[in-house]
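Below: one structure, written as structure tokens.
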Amino acid sequence: MSTTSTNASPHDPAEPLPGAESLPAHEGRGAEVAGLLREALRKAEFTADGLLDLLGAPAYAALARGETVPALRATRAAGPVATLVRLFLLQRGVTRAALVAVLGEELVAAAAECDWLREDGGGELRATVDVRPYGGPEDEDWYVVSDLGCAVGGAGGIGKRAEGVVLGVGGASTTLAGLTVRTPVGSVLDLGTGSGIQALHASPHAARLTATDLNPRALVFAALTLALSGAKPARLLAGSLFEPVGTETFDLVLSNPPFVISPGARLTYRDGGREGDGLCRELVSSAGERLNEGGYAQFLANWEHVDGETWTERVRDWVPAGCDAWFVQREVQDVTQYAELWLRDAGDHKEGSAEYTRRYEEWLDSFAARGTTAIGFGWITLRRTTAAEPSVTIEEWPHPVEQPLGPEVRAHFARLDYLRTHDDAALLADHFRLAAEVVQEQIGQPGAENPEYVVLRQHRGMRRATRVDTIGAGFAGVCDGTLSAGAILDAIAQLVEEDPVLLRDRTPAQIRLLVEQGFLYPVGLSGTGEAGEEEQPGVR
């Protein structure tokens, strides 16, 4: 996920990593061997399901947290999956005989020739890369390749903080994969590809894939991830931000960038190399001109909360011209929490109290110099539009959401298009349906004849809850697509003995809110994610 030029800290010089020079590209002999290895791994049931079956749920979950002891215990007995788990995931040596029994002599020799395997001093074979089974769409068996010990968590997991480390699957990468709009497109750019997870997810619905990274090692790992997963190859380009692609434009741009707001840039895989949140600002503000009409750019980002400025004002300034935008702040940490999170991620807490204190002070000094009081974590989606007045939605939503959320992201923008092209008269003439799995909650004192207020709550998508009056609740409950909105309001006016003209005048604002938030959707509107819409491929 490296995107920008950085220099290793003088305290932590870049270190050579296993297999750094000779990992294969997604072509030639390396691709051929990767294809053979893929089939052998699947035949041995070294898959996401096979891993769960062998380890059991507790050990499987522990391994995802970077804890290996339960998995070591579960793989004591001999067997094909146990051998491969110990080799590729637990960094243990295995005998040549045991590995040949699983992969065959020729494939073991070929993997060693590609430098994926090396013989240790004790005569056992050890892997130079982490190969992790990963469940793809439609029960596809995928594999993500990364540096040893870096499939989950920070570089501290490998006992060193090498600048060029390439991480594997983590919470951030799966979050972005779940957010991504999955419609068939001509071109996808995975900016800061790392081990290639976003490119892998895009492969089923993209005609052409481009993956970039500042770290050349990452491109090699991404190529191997794609090859070992049986995915189409990507065009692999080295460089910072959008520099490698020049003025080229895309239908979909994805980036899980090095968004950590740190003093200096010691770790290429996570540190932005800009002051404060400058990396995320630069990435977002320059993305608009890289999109084709109707194209999406989707990012994870961090942003600063600074004295004298609201966070919403801050990120609004990032939005490029000609783009709709949707920012969702999912979490906020004060500067002490944030510093501790990333100090521990890098393993700095293991270096002794004096060094840890020094680094902690560096972080707090850096924040204080900019007036930073907290850091927001969130998602950003841009969509290229020709609308005269693009829509910018900035909100805080720390609550659980449905995953994958990509269909809801697409539906959000489809609803915005509808609302800005329909005035109140057109709105009242249209027909609506209540979205699936919306429930009504009546809030009030026990035994009271009437509720104090009514809440509509979603159980899909963003899982929002919104307060409505009795008219709004009654209106939503009747929306089955049969009657126009105006006809429903006229009927309600008659029931409550209210002037229908006045009701038509004051209700459209509430209807607009319910449509915008996904409680109601216009009959016939495509891209809503409702019944009849295609499920999004690429996420499982």
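Candidates in the range 487-522 are the residues that are loosely packed, with under 14 Cβ neighbours inside 10 Å and among the β-branched types (Val, Ile, Thr); of these, the one that is modelled with the highest pLDDT is Val501.
With free of Cβ contacts under 8 Å to residues at least 12 places away in the same chain and not basic (Lys, Arg) as the only criterion, which of Gly171, Gly186 stands out?
On the way: Gly186 fails: free of Cβ contacts under 8 Å to residues at least 12 places away in the same chain.
Only one candidate passes the filter, namely Gly171.
Of all the listed residues (Val102, Val144), the sole one being surrounded by 21 or more Cβ atoms within 10 Å (Cβ to Cβ), in a helix (DSSP H, G or I) and touching a Ser or Thr at 6+ places or on another chain (Cβ under 7 Å) is Val102.
For (1) assigned to a helix (DSSP H, G or I); (2) touching a helix residue (DSSP H, G or I) at 6+ places or on another chain (Cβ under 9 Å); (3) over 30 Å from Val253 (Cβ atoms), each residue gets a yes or a no:
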{"position": "Glu389", "(1), (2), (3)": "no, yes, no"}
{"position": "Glu395", "(1), (2), (3)": "no, yes, no"}
{"position": "Gln403", "(1), (2), (3)": "no, yes, no"}
{"position": "Leu416", "(1), (2), (3)": "yes, yes, no"}
{"position": "Leu427", "(1), (2), (3)": "yes, yes, yes"}
{"position": "Gln442", "(1), (2), (3)": "no, yes, yes"}
{"position": "Val454", "(1), (2), (3)": "no, yes, yes"}
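Tally time: how many residues in the range 291-307 are more than 19 Å from Gly178 (Cβ to Cβ) and either of a type in the set (S, T, N, Q) or surrounded by fewer than 19 Cβ atoms within 10 Å (Cβ to Cβ) (or both)? The qualifying residues number 5.
Please determine whether any residue of the range 400-413 is more than 26 Å from Pro137 (Cβ to Cβ) and not small (Gly, Ala, Ser). Let's see the steps before the verdict.
So the first thing to find is which residues in the range 400-413 are more than 26 Å from Pro137 (Cβ to Cβ), and the list is none.
No: the range 400-413 contains no residue that is more than 26 Å from Pro137 (Cβ to Cβ) and not small (Gly, Ala, Ser).
State yes or no: is Leu483 assigned to a strand (DSSP E or B) and surrounded by 15 or more Cβ atoms within 10 Å (Cβ to Cβ)? Judged against the criteria, Leu483 is a match. Residues that are charged (D, E, K, R) and within 14 Å of Gln329 (Cα to Cα) within the range 369-404 comprise Glu395, Glu396, listed in sequence order. Does Thr381 fit the bill of being surrounded by 19 or more Cβ atoms within 10 Å (Cβ to Cβ) and either assigned by TED's automatic domain parsing to the domain that holds Ser285 or not aromatic (Phe, Trp, Tyr) (or both)? So Thr381 fits the description; yes. Look through the range 326-378, keep the residues that are in contact with a Gly (Cβ under 9 Å, 6 or more places away or on another chain) and within 30 Å of Arg415 (Cβ to Cβ), and return whichever of them is surrounded by the most Cβ atoms within 10 Å (Cβ to Cβ). Here the residue is Phe327. Annotation: of all residues in the range 235-277 being surrounded by 24 or more Cβ atoms within 10 Å (Cβ to Cβ), aliphatic (A, V, I, L, M) and modelled with pLDDT under 95, the one that is nearest to the chain's Cα centre (by Cα) is Ile261.
For every residue, the table says whether it meets (1) touching a residue at least 12 places away in the same chain (Cβ under 8 Å); (2) closer than 25 Å to Gly444 by Cα; (3) among the aromatic types (Phe, Trp, Tyr).
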site: Ala473; (1), (2), (3): yes, yes, no
site: Asp480; (1), (2), (3): yes, no, no
site: Ala485; (1), (2), (3): yes, no, no
site: Val515; (1), (2), (3): yes, no, no
site: Tyr521; (1), (2), (3): yes, no, yes
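Within the range 105-141, the set of residues being among the charged types (D, E, K, R), assigned to a loop (DSSP other than H, G, I, E, B) and modelled with pLDDT under 95 comprises Asp115, Asp120, Glu140.
Of the residues that make up the range 391-399, is at least one over 25 Å from Asp307 (Cβ atoms) and over 22 Å from the mean Cα position of the chain (by Cα)? The answer is yes, given that some residue of the range 391-399 is over 25 Å from Asp307 (Cβ atoms) and over 22 Å from the mean Cα position of the chain (by Cα).
Among all positions in the range 258-267, there is no residue which is closer than 30 Å to Leu37 by Cα and either in contact with a His (Cβ under 9 Å, 6 or more places away or on another chain) or in a loop (DSSP other than H, G, I, E, B) (or both).
Just to be sure before I move on: is His431 surrounded by 14 or more Cβ atoms within 10 Å (Cβ to Cβ), out of contact with any Gly (no Cβ under 9 Å at 6 or more places or on another chain) and either at pLDDT below 95 or more than 30 Å from Leu283 (Cα to Cα) (or both) in the structure I sent? Can you show your working first?
Values: surrounded by 14 or more Cβ atoms within 10 Å (Cβ to Cβ): yes; out of contact with any Gly (no Cβ under 9 Å at 6 or more places or on another chain): no; either at pLDDT below 95 or more than 30 Å from Leu283 (Cα to Cα) (or both): yes.
No, not satisfied.
For the condition of a type outside the set (Phe, Trp, Tyr) and touching a strand residue (DSSP E or B) at 6+ places or on another chain (Cβ under 8 Å), Ala48 qualifies.
Per-residue answers, yes or no, for (1) without any contact (Cβ under 8 Å) to a residue 40 or more places away in the chain; (2) loosely packed, with under 15 Cβ neighbours inside 10 Å; (3) more than 21 Å from Val33 (Cα to Cα); (4) not assigned by TED's automatic domain parsing to the domain that holds Leu37:
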{"position": "Ala62", "(1), (2), (3), (4)": "yes, no, yes, no"}
{"position": "Arg65", "(1), (2), (3), (4)": "no, yes, yes, no"}
{"position": "Thr68", "(1), (2), (3), (4)": "yes, no, yes, no"}
{"position": "Arg76", "(1), (2), (3), (4)": "yes, yes, yes, no"}
{"position": "Arg92", "(1), (2), (3), (4)": "yes, no, yes, no"}
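The values are calculated or read from the model by the stated rules, or taken from the named source; none is laboratory data. Keep in mind the model is a prediction, meaning the values are calculated, not measured. Because the Cβ atoms are built from the backbone with ideal geometry, glycine has one as well, and the counts that use them run over all protein chains shown.
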